[in-house]
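The values are calculated or read from the model by the stated rules, or taken from the named source; none is laboratory data. No experiment lies behind these values; they were computed from the predicted model shown. Here the Cβ positions follow ideal geometry from the backbone for every residue, glycine too, while neighbour counts run over all protein chains shown. Ligands, DNA and RNA are stripped out before the accessible areas are found, and what is left, the full protein with its side chains, is counted by its heavy atoms. Shrake-Rupley method; radii C 1.70, N 1.55, O 1.52, S 1.80 Å.
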Amino acid sequence: MKPIFESREPRDRSVFLGHLCLITDNVLKSYCSRYGPIHELIIHREKVQNKYHCFAFITYNSFETVSNFMLDRPHFIQNQEIMVKRALSRSYTIPERLIVTTRLMLYHLDPNIHDKQILTTYFEKYGEIKSIQVQGDHGQIEYDDSDAVDVVLLKRPHYIKKKKIFTTKYDQSEENNDRQKYNKEDERQQKSLSCRSNHKEDNSSDSVENQQEDDEDQSYPSSPLPLIASAVVVVKKDKDEEIRQLKLDLDQYKIEYEHLQDTNRELLYEYDVYKKQRELELNELKHKHLTQLERIKFEHQQILVPIHQMLQEFMVYKQKHHQDIMEYVQQQITGSTSLPIISQTAILSQTADDLLEHH
């Protein structure tokens, strides 16, 4: 199964590894690096009451690598199976972090909206569903793999038909405590009812004389302690349920707050990436434009320099040519000094025109 979502948070890309006492650090790192680049590997080897506890937390660079690592279970290193499960952060409850189960609990369901078909359609994307049960405002889903339950918790909060659904792991100890509590309450209620019935039978079997004696003695009816005890049980049950609901709401608020923080961090990260990309593009454009400008200047210089040289050469040639013509005309004029000034001017003009036309 492909990963449902890609997370940038290291805590969502972490895996817990257990039963590592006979495995060295280098061997463990070499084995785990087969699945992809490792962001962080923390190994703990502790001795508590003459017993070693060896475990590790490994964080990969991508969520997809974690999913591939989980899909490849069970893992054996040096012919020894190691324990593998997703590592949930401290924002989750202790039972959610420690319990390994394939059963997912659903709360705050709307019976008018959330039926089995809708819930199956929504939650089957996290893993193969074996069974699903819905009872009023709560339900239970059983997956074929415990990892699917962890992925559902990592994806919290869940909204189905615009209604927020609270999800958590199935806790056997909590169910047993609830059963024991309800059994004790039932026993107390039954005892209270039996005491009240016995009291009524005793009163009905008394004779008229005993009633008169009771009236004379002004005796009071039997103690109402059983009734008070029954009322206390009911009130306690309601209060326990209310406290339990408040705890669920508090956990949900904590999860939503963590989700908002994660969303904010993701948005900041995306903004930084976008900003860097734009800066790189701007620098590339500047460099490109400067390069083009330098190239144009160079080409312009390559064109202008020869033209300028040609113009200078042409001007020199024209000046020399003009001087030659003037000298020749002057010689012609000097040779015919007897001509009038007008005739000399006409000859000079005609000679210059002839020379220019000739050239």
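A few remarks follow.
- Highest to lowest packing among 114-124, 58-68, scored as the average C-beta count within 10 Å: 58-68, 114-124
- Whether the range 77-130 is rounded, prolate or oblate, judged on the alpha carbon gyration tensor where a/c under 1.5 counts as rounded: oblate
- Per-residue packing, averaged as other Cβ atoms within 10 Å, sorts the ranges 82-94, 301-313 into the order 82-94, 301-313, beginning with the highest.
- For the listed residue pairs Lys85/Lys275; Lys116/Lys247; Lys162/Lys276; Lys161/Lys276; Lys125/Lys276, the alpha carbons are over 32 angstrom apart in Lys85/Lys275; Lys162/Lys276; Lys161/Lys276; Lys125/Lys276.
- Karplus-derived 3J(HN,Hα), 6.51/-1.76/1.60, for each residue of the range 109-119, Hz, glycine and proline x: 7, 9, x, 7, 10, 8, 9, 4, 5, 5, 5
- Over the range 6-141, the pair-distance histogram of Cα-Cα distances with 10 Å bins from zero comes to 10, 33, 31, 17, 8, 1 percent, rounded to whole numbers.
- Sulfur and carbon atoms: percent of accessible area, the range 40-95 [1.4 Å]: 48
- J(HN,Hα) series, the range 270-285, from Karplus relation 6.51 cos²θ - 1.76 cosθ + 1.60, nearest Hz, glycine and proline x: 5, 5, 4, 5, 4, 4, 5, 4, 5, 5, 5, 4, 5, 5, 5, 5
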